[in-house]
Each structure stands twice: as structure tokens, then as C-alpha cells.
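Remarks on the structure that follows.
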Amino acid sequence: MKIALLGYGKMGKVIERIAEERGHEIVLRKRAIDTFTGLENADIAIEFSVPDAAIKNITECFNSNTPVISGTTGWLEHYDSITQLCENKNGGFIYASNFSLGVNVFFELNTQLAKMMSKLKQYNVSMEETHHTQKLDAPSGTAITLAEDIITHSNYSNWTIDTPKKDDIFIDAKREENVPGTHNVMYDSYIDSIEIKHTAHSREGFALGAVVAAEWLFGKKGVFSMKDVLDLK
């Protein structure tokens, strides 16, 4: 495939290396100040930028009939309008808060655990996520996905990074040097605790998942998720 990279920071460079190792060609490396020249030559775009640029990048892909994978978080208040635009343009789109194959298995594990714990009212759930200091949003999109999946299958109604109310899931968002991403989900009672955890060792897992998703989306129309890519539905 011919791939356009919309966002060419640290993640974009790792995606580039993995894509080329898998036999793909990079035809556009777009930094913040660059134009979209070259997007017309791409079979698919992989978008890892910043929240302020994501909507423009994704829209440009739909307008040029280029399927797009987006891993940028922090813009999801516009998700419904973006997916509607994809459908109107007969485009192809996958958004994921985290493209790591392991994290997407972790999402499913979190959902199943939430279902099992929903009847055990003596347990209180909380979360902790730790990322590198360059990460702009807090909590992470991955943490929000984990929290929302718990909310769907429990009596919790919201998540917060502030002092939690009765029905809130507290997310402790930490920023430390050189941490690709760690997420913990903890259920505590006065008797015992249950904890599940995912630890990323490098950016390669995110990059590989994005390339795998791009390979899967190639030639398809519609709005999909990593559950479709990994056949987890």
C-alpha cells in the first residue's frame, strides 16, 4: 500500500519504519506546517497528530476519497459529525484510542471483568494511567475507553480526575518521563483487591496495530473499530 502519514512526530517515525518493514511505501509525511500535497497518491492515511489538527486531517482524507486510520485523542466531542461525514462521503474510517493489539485485548478483558463485578457491590473501582510528559491530554483516551466500558456494565455514571462523587470512577492520571503507557483497573473491598494491568514497553505496539488496521481497512467502506480488525465482536 501507499501510505500518507498525517503527523510525523515520534509515533509517525515508528509507524514509517514498521510500514516499510511490512512492504508498504510512504508517499506523504505531513508535519504541522506542511500541505496535503501527495495525499492524492495514497491508498490510505494513518493520522497521529494533535487534537487541534485531527479534524482537519480526517476531513481532508474523506474529501480526497482516502481511507483513514486515526489514533489522535482529545477531539471526540466531534466524533459523531466525523463519522457522519465519512458515511456521506462513502469513506473508510477507523478511530481507536489505542491501536496496540494487546490493549484491545485488554479492553475486552476489562469489559468482561466489569460484567462479573457488577453484582458485587462491596467493590469500588478506580483507575490509574501513566504516560510520558509530552502527552497533551489527561486522562488518556485509553483510560476514558476503559472507564466508559465499565460504566456501560455497572452502576457507575461518570469518570473524573477530581475528587470522585459516589457514582464516579476516579482516574489518577500521572505524567512521568519516558513512559509509553501503563493502565491499571482496580477493584477494592475491605476483604481483598482485584487488579488488571497493561504496560506498554515501547511505541512499537501502537504503531504495529495502526499498520495492521490500515491493512485491514484497505478496500473497505464504512466506520469500523479495532473490534472489527481483531474479530473481537
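The values are calculated or read from the model by the stated rules, or taken from the named source; none is laboratory data. What you are looking at is a predicted structure, and each value in this text was computed from that prediction instead of being measured. Don't worry about glycine lacking a Cβ; one is built from the backbone with ideal geometry, like all the others, and counts go over all protein chains shown. Keep in mind that these areas ignore ligands, DNA and RNA; they rest on the heavy atoms of the full protein, side chains included. Shrake-Rupley method; radii C 1.70, N 1.55, O 1.52, S 1.80 Å.
In segment 17-25, is there at least one residue being open to solvent by 10 Å² or more (accessible area, probe 1.4 Å), in a loop (DSSP other than H, G, I, E, B), touching a residue at least 40 places away in the same chain (Cβ under 8 Å) and closer than 28 Å to T182 by Cβ?
Among the residues of segment 17-25, at least one is open to solvent by 10 Å² or more (accessible area, probe 1.4 Å), in a loop (DSSP other than H, G, I, E, B), touching a residue at least 40 places away in the same chain (Cβ under 8 Å) and closer than 28 Å to T182 by Cβ, which makes the answer yes.
Sort through I161, I194 and tell me the only one that's among the aliphatic types (A, V, I, L, M), farther than 25 Å from V212 by Cα, open to solvent by 40 Å² or more (accessible area, probe 1.4 Å) and touching a Leu at 6+ places or on another chain (Cβ under 8 Å).
Numbers: I161 fails: touching a Leu at 6+ places or on another chain (Cβ under 8 Å).
Exactly one of I161, I194 is among the aliphatic types (A, V, I, L, M), farther than 25 Å from V212 by Cα, open to solvent by 40 Å² or more (accessible area, probe 1.4 Å) and touching a Leu at 6+ places or on another chain (Cβ under 8 Å), namely I194.
Being within 13 Å of D188 (Cα to Cα) and out of contact with any strand residue (DSSP E or B) (no Cβ under 6 Å at 6 or more places or on another chain) is the filter here; which residues of segment 119-146 pass it?
Initial filter on segment 119-146 (within 13 Å of D188 (Cα to Cα)): 120-127.
Across segment 119-146, the qualifying residues are L120, K121, Q122.
Among M11, M1, which is the only one that is closer than 18 Å to K221 by Cβ, open to solvent by 30 Å² or more (accessible area, probe 1.4 Å) and not aromatic (F, W, Y)? Talk me through it step by step, then tell me what you get.
Working: M11 fails: closer than 18 Å to K221 by Cβ.
Every option except M1 fails the conditions.
Look at segment 119-129 and say how many of its residues are open to solvent by less than 30 Å² (accessible area, probe 1.4 Å) and either modelled with pLDDT under 95 or of a type in the set (D, E, K, R) (or both).
1
Which of (1) under 19 Å from E77 (Cβ atoms); (2) in contact (Cβ under 8 Å) with a residue 24 or more places away in the chain does S157 not meet, given it meets every other one?
The failed condition is (2).
Pick from segment 38-84 the residues that are under 14 Å from Y8 (Cβ atoms) and among the β-branched types (V, I, T): which of them is most open to solvent (accessible area, probe 1.4 Å)?
If we take residues in segment 38-84 being under 14 Å from Y8 (Cβ atoms) and among the β-branched types (V, I, T), then V50 is most open to solvent (accessible area, probe 1.4 Å).
Run down E87, E108 and say which single residue is over 18 Å from the mean Cα position of the chain (by Cα) and outside any loop (DSSP other than H, G, I, E, B).
Details: E108 fails: over 18 Å from the mean Cα position of the chain (by Cα).
Exactly one residue qualifies, and that residue is E87.
Sort out which residues of segment 175-233 are part of a helix (DSSP H, G or I) and small (G, A, S), and write them in order of number. If you could, list the steps in order and put the result at the bottom.
Just the residues of segment 175-233 that are part of a helix (DSSP H, G or I), to begin with: 204-217, 226-229.
Across segment 175-233, the qualifying residues are G205, A207, G209, A210, A213, A214.
Restricting attention to segment 209-233, and to residues there that are aliphatic (A, V, I, L, M), in contact with a Phe, Trp or Tyr (Cβ under 7 Å, 6 or more places away or on another chain) and within 19 Å of E20 (Cβ to Cβ), which single residue is surrounded by the fewest Cβ atoms within 10 Å (Cβ to Cβ)? Please lay out each step first, then the result.
Of segment 209-233, the ones aliphatic (A, V, I, L, M) are 210-214, 217, 223, 226, 229-230, 232.
Then keep just the ones that are in contact with a Phe, Trp or Tyr (Cβ under 7 Å, 6 or more places away or on another chain); that gives 210, 213, 217, 223, 226, 229.
The next check asks that each one be within 19 Å of E20 (Cβ to Cβ); those that pass are 210, 213, 217.
Values: A210: 30, A213: 27, L217: 23.
The qualifying residue surrounded by the fewest Cβ atoms within 10 Å (Cβ to Cβ) is L217.
Suppose we filter F206, F170 for residues that are open to solvent by 20 Å² or more (accessible area, probe 1.4 Å) and modelled with pLDDT of 95 or more; which single one remains?
Numbers: F206 fails: modelled with pLDDT of 95 or more.
Sole residue among the options that is open to solvent by 20 Å² or more (accessible area, probe 1.4 Å) and modelled with pLDDT of 95 or more: F170.
Among the residues of segment 140-157, is any small (G, A, S), farther than 28 Å from G12 by Cα and either open to solvent by 60 Å² or more (accessible area, probe 1.4 Å) or in a loop (DSSP other than H, G, I, E, B) (or both)? Quick ask: steps written out before the conclusion?
Step one: list which residues in segment 140-157 are small (G, A, S), which gives 140-141, 143, 147, 154, 157.
Adding the requirement that they be farther than 28 Å from G12 by Cα leaves 154, 157.
Then keep just the ones that are either open to solvent by 60 Å² or more (accessible area, probe 1.4 Å) or in a loop (DSSP other than H, G, I, E, B) (or both); that gives 154, 157.
For segment 140-157, residues small (G, A, S), farther than 28 Å from G12 by Cα and either open to solvent by 60 Å² or more (accessible area, probe 1.4 Å) or in a loop (DSSP other than H, G, I, E, B) (or both): present.
Scan segment 160-174 for residues that are of a type outside the set (S, T, N, Q), assigned to a strand (DSSP E or B) and out of contact with any Pro (no Cβ under 6 Å at 6 or more places or on another chain) and report the count. I'd like the intermediate steps shown before the answer.
So in segment 160-174, the residues of a type outside the set (S, T, N, Q) come out as 161-162, 164-174.
From what's left, assigned to a strand (DSSP E or B): 168-174.
The next check asks that each one be out of contact with any Pro (no Cβ under 6 Å at 6 or more places or on another chain); those that pass are 168-169, 172, 174.
Number of matching residues: 4.
Can you confirm whether I26 is modelled with pLDDT of 95 or more and more than 16 Å from the chain's Cα centre (by Cα)?
On the way: modelled with pLDDT of 95 or more: yes; more than 16 Å from the chain's Cα centre (by Cα): yes.
Answer is yes for this residue.
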